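Accompanying notes for the structure given below.
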Amino acid sequence: MPEQLQARQQQLLTHTRDFVRDHLEPLSARHEDDAATLRQAVVSAARSTELFALTQPRAYGGSEAGVLDLTVVREALAVSGLPARRWVLGPGPGFLAAASGVLAERYLEPLLRGELRTAFAFTDAREGPGTVARRTDGGWLLDGLKSYVTGGADADCFGIIARIKDGEGSLFAVVDADSPGLTVGERFRSIDGSHHATLTLHGLFVADDALLGAPGSGMPRAMKQIGDTRLAMAADACGLMQYVLEHLEQHLLAPHRSGAPLADREGVRLRYAELRINAFAARSMVYRTARLADAGENVVNEGIASKVFCTETLGHLVDTAIQLEGGQALVAGHPLERLYREVRVLRLAEGASDLLRLNLARGRFELGKGRI
Ligand SMILES: Cc1cc2nc3c(=O)[nH]c(=O)nc-3n(C[C@H](O)[C@H](O)[C@H](O)COP(=O)(O)OP(=O)(O)OC[C@H]3O[C@@H](n4cnc5c(N)ncnc54)[C@H](O)[C@@H]3O)c2cc1C
């Protein structure tokens with residue numbers, strides 16, 4: 001465990017480990033084949049603990065934990081390797097964090113109570129056209145095609161980013177799923193098991209009071225939300241790395257038909273040590289970034305670096321662990337087979353690795369920004 005955790009974080013760590021042992025593991029085993037029941041059971045168990053409200057704002061009864069607190073908790077949950085870990089932390093405000101007045105009442109409050117499902121429509125369809133917003137009386141008309149909106153088929157409302165036509169920047173609209181001019185396409189599934197949909201916007205009217213922030217401020221607002229998610233993904237990835245390493249260790253120490261455990265082979269040891277070094281580097285990066293964020297620093301670059309490095313490292317780690325564990329790790333239902341599918345999407349979702357690398361380079365060469 002990274003050194004110098006404060007008493008509060010130590011307490012959260014103990015609490016999270018206890019929750020994994022007492023609830024997450026037994027519930028996951030009991031409801032293995034029934035995701036809906038498992039989700040309900042995990043949410044119900046988590047609700048009676050302090051973990052559930054950690055991501056929720058104080059103004060709404062949550063404890064609004066710091067970045068390091070959440071890093072510790074997310075990592076400790078992911079060490080379990082259990083998919084149900086994603087339901088332990090209650091719904092956070094997400095893109096509605098800055099909502100106030102009517103938007104807060106109508107969307108944010110029911111979201112935090114678990115009564116409303118949102119989805120984030122950011123990525124334009126590969127073939128285009130890019131989503132645009134045109135000024136009209138009392139609001140905006142949106143046209144475009146959004147792809148890969150996670151949870152889109154089940155969402156009650158969407159946060160939509162659209163470039164302002166003949167103007168500066170983008171706007172961030174909050175739109176009900178049943179709005180005229182909005183068509184939710186068919187639900188599709190990616191290899192990690194998550195569900196998504198496309199959105200077609202055709203003359204979709206958005207009133208001025210359904211915008212988050214001022215017109216033109218949509219992109220920085222969206223990037224803040226995406227930046228927070230990247231840090232969460234990096235912490236989760238670090239926990240999964242530990243899970244995989246522990247799994248691999250047990251396998252390498254077990255008897256092998258060659259007469260000696262694989263852990264006795266020097267070639268295997270070299271591979272194993274490399275994985276541990278990379279996992280250590282990834283964790284160091286994530287904890288440093290979390291501390292900087294809690295100190296009020298701008299961590300956009302550190303967040304990008306952590307997301308790219310942790311998800312790429314995790315992908316390599318799972319891949320190598322499968323190679324060292326052999327064919328049994330590729331049997332459907334094996335934990336590493338499931339993780340292989342789960343972690344592959346992380347290198348694309350919330351920013352493809354190469355595009356994030358380009359952002360970093362642009363920060364240095366064109367903008368003269370960035371600490372790393
Ligand atoms: C599981 C999952 C969940 C997702 N959830 C959401 C969601 O909820 N909301 C949402 O809005 N989006 C979501 N996305 C979409 C995701 O953000 C995009 O897939 C991602 O940003 C990459 O965009 P793209 O798929 O259009 O690929 P492209 O942008 O076409 O990029 C494909 C590849 O081309 C290369 N490339 C592209 N542009 C450049 C360039 N300028 N220079 C050099 N190389 C380049 C890179 O190698 C890149 O990986 C999700 C995706 C996944 C896989």
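The values are calculated or read from the model by the stated rules, or taken from the named source; none is laboratory data. Given the structure is predicted, the values throughout are model-derived calculations rather than measurements. Here the Cβ is made from the backbone with ideal geometry for all residues, glycine too, and neighbour counts use every protein chain on show.
Restricting attention to segment 119-135, the residues that are more than 20 Å from GLY351 (Cα to Cα) and near the ligand (Cβ under 10 Å from one of its atoms) add up to 0. Close contacts from segment 288-306, counting a first residue that is outside any helix (DSSP H, G or I) and a second that is of a type outside the set (Lys, Arg), with Cβ to Cβ under 8 Å and a gap of 6+ residues or different chains, come to VAL299/GLY227; VAL299/LEU231; VAL299/THR289; VAL299/LEU292; VAL299/ALA293.
Got a number for residues in segment 344-362 being away from the ligand (no atom under 11 Å from the Cβ) and either outside the structural domain of ALA305 (by TED's automatic domain parsing) or in contact with a Ser or Thr (Cβ under 7 Å, 6 or more places away or on another chain) (or both)?
Within segment 344-362, the first condition is being away from the ligand (no atom under 11 Å from the Cβ), and the residues that meet it are 360.
This time we only want the ones that are either outside the structural domain of ALA305 (by TED's automatic domain parsing) or in contact with a Ser or Thr (Cβ under 7 Å, 6 or more places away or on another chain) (or both), so: none.
Matching residues across segment 344-362 total 0.
Among residues of segment 24-38 that are in the same structural domain as LEU51 (by TED's automatic domain parsing), none has a Cβ under 9 angstrom from a residue that is outside any helix (DSSP H, G or I) and of a type in the set (Lys, Arg) at a sequence gap of 6+ or on a separate chain.
The set of residues in segment 272-287 that are touching a residue at least 40 places away in the same chain (Cβ under 8 Å) and surrounded by 19 or more Cβ atoms within 10 Å (Cβ to Cβ) comprises TYR272, LEU275, ALA279, ALA282, ARG283, MET285, VAL286, TYR287. For segment 52-71, residues that are of a type in the set (A, V, I, L, M) and more than 17 Å from LEU111 (Cα to Cα) total 4.
When you scan segment 288-299, how many residues do you find that are surrounded by fewer than 20 Cβ atoms within 10 Å (Cβ to Cβ) and among the hydrophobic types (A, V, I, L, M, F, W, C)? Within segment 288-299, residues that are surrounded by fewer than 20 Cβ atoms within 10 Å (Cβ to Cβ) and among the hydrophobic types (A, V, I, L, M, F, W, C) number 2.
Remark: pairs (first residue in segment 108-126, in contact (Cβ under 8 Å) with a residue 60 or more places away in the chain; second residue of a type in the set (D, E, K, R) and within 16 Å of the ligand (Cβ to nearest atom); Cβ separation under 6 Å; 6+ apart in sequence or on different chains) = ALA121/LYS146. The requirement of being surrounded by fewer than 18 Cβ atoms within 10 Å (Cβ to Cβ) and either aromatic (Phe, Trp, Tyr) or more than 15 Å from the ligand (Cβ to nearest atom) (or both) is fulfilled nowhere in segment 85-95; no residue meets it. Taking segment 158-191 as the range and being touching a residue at least 40 places away in the same chain (Cβ under 8 Å), among the aliphatic types (A, V, I, L, M) and within 13 Å of LYS146 (Cβ to Cβ) as the test, the residues that pass are ILE160, ILE161, ALA162, ALA173.
With the condition kept exactly as written, say whether any residue in segment 72-88 is acidic (Asp, Glu) and more than 30 Å from TYR340 (Cα to Cα). Explain how you work it out, then say what you get.
We begin by selecting, within segment 72-88, every residue acidic (Asp, Glu); these are 75.
Now restrict to residues that are more than 30 Å from TYR340 (Cα to Cα): none.
No: zero hits.
A residue that is away from the ligand (no atom under 16 Å from the Cβ) and more than 17 Å from the chain's Cα centre (by Cα) occurs somewhere in segment 307-316.
Specify which of the listed residues (ARG21, ARG47) is of a type in the set (D, E, K, R) and within 23 Å of LEU240 (Cα to Cα).
ARG21
Among the residues of segment 1-13, those that are modelled with pLDDT of 95 or more and within 23 Å of the chain's Cα centre (by Cα) comprise GLN9, LEU12, LEU13.
Restricting the search to segment 327-356, which residues are closer than 22 Å to ILE277 by Cα and surrounded by fewer than 19 Cβ atoms within 10 Å (Cβ to Cβ)?
ARG344, ARG347, SER353
Any residue in segment 127-152 that's touching a residue at least 12 places away in the same chain (Cβ under 8 Å): show its pairings with residues that are away from the ligand (no atom under 12 Å from the Cβ) and polar (S, T, N, Q) at Cβ separation under 7 Å, as long as the two are six or more apart or on different chains. From segment 127-152, the pairs are LEU145/THR200.
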